[in-house]
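Since every read-out is calculated from the coordinates, none of them should be taken as a lab result. Please read all numbers here as calculations on a predicted model, not as lab measurements. Note that we place each Cβ from the backbone using ideal geometry, even for glycine, and neighbour counts take in every protein chain shown.
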Amino acid sequence: MTSNVRVALVTGGGSGIGRGISLRLARSGIPVAVLDVDRAGAEQTREQIAAAGGRAAVVSADVADPAAVRRGVEEARAALGPAHILVNVAGIGAFAPLLEMRQEDWDRMIAVHLTGTFNCTRAVVPDMLAAGWGRIVNISSVAGLGGGGTGLSHYAAAKGGIIAFTKSIAHELGPSGITANCIAPGLIDTPMVRGAMVSPELRRRAIEGAPVRRIGIPDDIAAACAYLVAEDASFITGQVISPNGGRYM
């Protein structure tokens with residue numbers, strides 16, 4: 001690499017897990033480009049990073065739009081430099097039983113989660129190849145491992161696709177010094193989860209079913225991400241880490 005500064009691009013960085021990861025990486029001294037379709041949320045993340053003494057830039061883009069992603073990556077590169085760390089978090093959540101699911105529900109879920117991960121990865125990998133070093137961390141879900149349950153076939157399919165995509169690019173990019181791994185969180189207390197109307201009963205069952213007797217918080221996922229992007233994780237690629245409190249083993 002020509003520089004010791006490794007810049008991170010975090011999608012969905014305006015709230016929830018994406019914000020938690022952005023803050024954690026910034027505390028490690030990594031400049032962070034916070035990408036989110038919600039620019040106001042991304043600005044709040046940037047302000048929190050700046051208040052703690054870190055460097056950040058805001059990029060507004062819909063990850064499902066490849067042209068918008070390319071423009072966003074160019075903006076991030078102009079503000080902070082090439083990205084050598086990519087964390088794909090951006091996502092949406094909704095319940096829809098199979099026979100009630102509209103075509104647009106399926107298409108949008110796949111577009112944001114799976115195609116969005118593809119779009120952002122393809123836009124950023126050239127910078128990693130030029131540096132001979134890179135870290136890709138894709139956020140999947142336990143739903144991608146176990147199906148997720150009733151009303152989540154579109155979400156589970158998207159998250160399962162992310163796992164398969166990650167394993168494939170780990171094969172392809174590993175010889176170039178780039179690792180690619182997945183984090184598959186269990187139930188995490190985020191605005192998206194609360195917005196998807198997780199009921200008090202479901203929350204109670206999730207807590208009682210986890211050996212640690214709690215649901216997760218964004219910092220739990222951020223800690224796993226911080227390890228995967230570190231030099232110490234250079235021998236780990238194509239793997240799925242699932243911080244879920246032991247609810248799924």
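Comparing Cα centroids, the stretch 176-205 and the stretch 221-249 end up 14 angstrom apart.
Using C-alpha pairs below 8 Å separated by at least 6 residues, the relative contact order for the chain is 19 percent.
Once the trypsin sites (Lys or Arg not before Pro) in DSSP loops with at most 14 neighbouring Cβ atoms within 10 Å are cut out of the chain, the longest remaining piece is 103-212.
Short to long, the 10 Å bins of the Cα pair-distance histogram for the stretch 82-178 hold 16, 44, 26, 12, 2 percent of all pairs. Annotation for N4 and A79: the two label points, set 7 Å from Cα along the Cα-Cβ direction, are 2.6 nm apart.
Please work out the C-alpha center-to-center distance from the stretch 51-65 to the stretch 9-37 and express it in whole Å. So the two Cα centres are separated by 7 Å.
Could you give log10 I(q)/I(0) at q = 0.17, 0.19, 0.21, 0.22 Å⁻¹ for the stretch 140-249, computed by the Debye formula over C-alpha point scatterers of equal weight, without solvent? Values, matching the q order: -0.85, -1.02, -1.18, -1.25. When the helices in the chain are scored as -39500 (n - 2.57) per DSSP H run of 4 or longer and the sum is shared across all residues, what 222 nm value do you end up with, to the nearest 500 deg cm²/dmol? It lands at -14000 deg cm²/dmol.
Treat the stretch 1-56 as a sphere of radius equal to its Kirkwood radius over Cα pairs and apply Stokes-Einstein at 20 °C in a medium of 1.002 mPa s; give the translational diffusion coefficient in µm²/s, rounded to a whole number. Here the translational diffusion coefficient equals 198 µm²/s.
Give, in nm to one decimal, the length gained when the segment between V212 and H171 is fully stretched (0.36 nm per residue of separation minus the Cα-Cα distance). Can you show the working numbers first?
Numbers: separation 41, 0.36 × 41 = 14.76 nm, distance 3.44 nm.
The span from V212 to H171 would gain 11.3 nm if fully extended.
Centre-to-centre separation between the Cα atoms of the stretch 139-153 and those of the stretch 70-121: 17 Å.
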